[in-house]
Each structure stands twice: as C-alpha cells, then as structure tokens.
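Report on the following structure.
The values are calculated or read from the model by the stated rules, or taken from the named source; none is laboratory data. Everything quoted here is computed from the prediction, not taken from an experiment. Here the Cβ positions follow ideal geometry from the backbone for every residue, glycine too, while neighbour counts run over all protein chains shown.
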Amino acid sequence: MRAIALLAVALALAAGCGGPKDPLAGVKADYPGADEYITWQKYLLVRWPADEESGDQRAVLLRWEEKAWSEVARSDDGFVRARELMTWIPELDESGVAAFGLHH
C-alpha cells in the first residue's frame, strides 16, 4: 500500500508541476531496458531480465533523496533475497519484501 501511496503522490506532484506524466520517466531513460521498476517507501528497485547465457540478472537500487533518485547499490544477482537488500535498506520489513517480490 505504501508503494501505491508513494506513486500516487509522485503522480500528483508531476501533474501539478507540469512535469512528465510518468513520474519514473527520468529513471527509465537513465536505466533503459529494465523490465521492472518497483517502488517501496523511498526506494526504487530496477531489474533487468536474466541473461540467458550466464543467468545473471542485473539490478540497481535507488533512494529518493533531495528531490531526486540516487543510486545506492548494484547487483548481478537481481536483488531477489531479502538479506541482500537489508544491507542497503535497514528499515526493510515484510511489506518491502512483498513489494519487491523478495525471497527470505
């Protein structure tokens, strides 16, 4: 629910400020080709499809700071386990695990 609320606020701000209609348009331009852009609280997880040959799945974790997204961490394992993200998101709880589709 918090991810939906954050997205609703971002949409309202973008509409009110005459900004882009897609609040993640800038992120999508900076990180093209990803198939997932998932928000939770002040975080955004960007994941690309897994590489067919190596099985690697690139991912980038961003945090909303001072009116902009800043890169926090990168992974070649896709940030699919909760313990991987707990290093970067100390407040990660069950709602974050569910929002990001993480495994324990």
*Taking only segment 72-102 into account, find how many residues are touching a Lys or Arg at 6+ places or on another chain (Cβ under 8 Å) and free of Cβ contacts under 8 Å to residues at least 12 places away in the same chain.*
0
_Looking at segment 10-53 only, could you name the residues that are modelled with pLDDT under 90, within 17 Å of residue 68 (Cβ to Cβ) and out of contact with any Pro (no Cβ under 9 Å at 6 or more places or on another chain)?_
17, 19, 20, 22, 23
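In segment 63-99, what count of residues is obtained for those that are part of a strand (DSSP E or B) and either under 19 Å from residue 31 (Cβ atoms) or hydroxyl-bearing (Ser, Thr, Tyr) (or both)?
The first filter runs over segment 63-99 and keeps only residues part of a strand (DSSP E or B), leaving 63-65, 68-75, 77, 81.
Narrowing the set further to residues that are either under 19 Å from residue 31 (Cβ atoms) or hydroxyl-bearing (Ser, Thr, Tyr) (or both) leaves 63-65, 68-75, 77.
Selection size over segment 63-99: 12.
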